[in-house]
Amino acid sequence: MKKIEDFPRIPLAVLPTPIQKLENISRILGTNVYIKRDDMTGIGLGGNKVRKLEFLLADAKNKGAEIVFTTGGAQSNHAMLTAACCKKLSMTPILILKKRGVTDRKGNILLEYLMNTDVRFLDTDDSADVYREMDRVGQESGKVYYKIPTGGSNAIGALGYVNCVKEITEQTDIKFDYICCAEGSGGTHAGVALGAKLFMPDTRVIGLMVDTDPFEEITTNIMKDLAAMLELDLVPTVDDVHLKNVAGPGYAIPSPEGNEAIRMMAENEGLFLDPVYTGKAFGGLIQMAREGKFGPDDNILYLYSGGAGGLFAIDVNLD
Ligand SMILES: Cc1ncc(COP(=O)(O)O)c(C=O)c1O
């Protein structure tokens, strides 16, 4: 078995991120809700992608890359954080974004503009077109380039979340019955679920799906790749993957449950969830609590994965 420390990593995040109890929301929901502050990873506006980028950009550097490509929707938090981390490491980010969502200079696009980032939109929904465009631009540059997939969701990126689970066990004695996280491209959930298998075998991990991709298969595959990369004696299966669909009317379209969660968190805890990922995911947690899934003595850890940029791009109407 390999250790996480055996893999190249560039420290970018401020770790460990705090774990806090949401006292008011715990009272409202009748269970113990804690929050892992991965919105405070310390670069850009914080967020889950920084943990992935520590491993992905180390791999890119080791391969001699000067240019780093990535992709996502127009308001991708991952793309913005890739740009921020690359700028910090003096690498050149080029974002080839799908023309999907708010493309005006708002939210993450504004932040990319502030960082003087090369952002290009491609009018396609097919990822193959995007990766072809990356190769075309990369080859034309004559430089070594590195392609990071949507959301940084491959085994190398997901290592960041295996590491996050290890971090949780080292920072607190609280035994979490559940860890809940937003799921947009699968890497965070896969890393946490594999990390839980290794370090917290009694904890159930739930991915709250904000999109309609086949996440059972996607998450299992990333977990399998992780297990192989770490040379583990186990082969993850679909039985290790627990999901709940919270996409509502569709990806990046606010849902009533997500909006209620944004209001509940802001009004009771002074924290700001976003309409695309963390609001909908927390909305799913609220729903599970109301359905009686969690007991009064259960400890639930909500992975607050950032995403504040989206709050300033998308119209959130709570009325
Ligand atoms: C704020 C935020 N939370 C959660 C996620 C979901 O993480 P993952 O893409 O690893 O499934 C994303 C990205 O998709 C995100 O930007």
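Every number in this text was worked out from the coordinates using simple rules, so none of it is lab data. Please read all numbers here as calculations on a predicted model, not as lab measurements. Positions of Cβ are generated from backbone atoms using ideal geometry, with glycine treated the same way; all protein chains shown enter the neighbour counts.
For Lys143, list the lysines whose Cα falls under 29 Å from its own Cα; do not include residues on the same chain fewer than 8 positions away. Counting by Cα, and skipping residues close in sequence, Lys143 has these lysines nearby: Lys49, Lys52, Lys61, Lys63, Lys87, Lys88, Lys98, Lys99. By the count of neighbouring beta-carbon atoms within 10 Å, fewest first, Glu133, Glu183 end up ordered Glu133, Glu183. The alpha carbon convex hull volume per residue for the stretch 49-152 rounds to 85 Å³. Answer rounded, prolate or oblate for the chain, using the Cα gyration tensor with square roots of eigenvalues a ≥ b ≥ c: rounded when a/c is under 1.5, else prolate when a/b is larger than b/c, else oblate. Taking the square roots of the gyration eigenvalues as a ≥ b ≥ c, the chain is oblate. Taking a ≥ b ≥ c as the square roots of the eigenvalues of the Cα gyration tensor, an a/c ratio of 1.5 or more together with a/b larger than b/c marks the stretch 1-79 as prolate.
Cross-link partners among lysines for Lys244, C-alpha distance below 17 Å, same-chain residues fewer than 8 apart left out? The reachable lysines, counting only those whose Cα sits under 17 Å from Lys244, are Lys280, Lys293.
Computed over the chain with a Gaussian network model linking Cα atoms closer than 10 Å, the most mobile of Ile28, Ile67, Ile286 is Ile28. What are the aspartates and glutamates whose alpha-carbon lies under 15 Å from the alpha-carbon of Lys106, with same-chain residues fewer than 8 places away excluded? Within reach: Asp274, Asp315.
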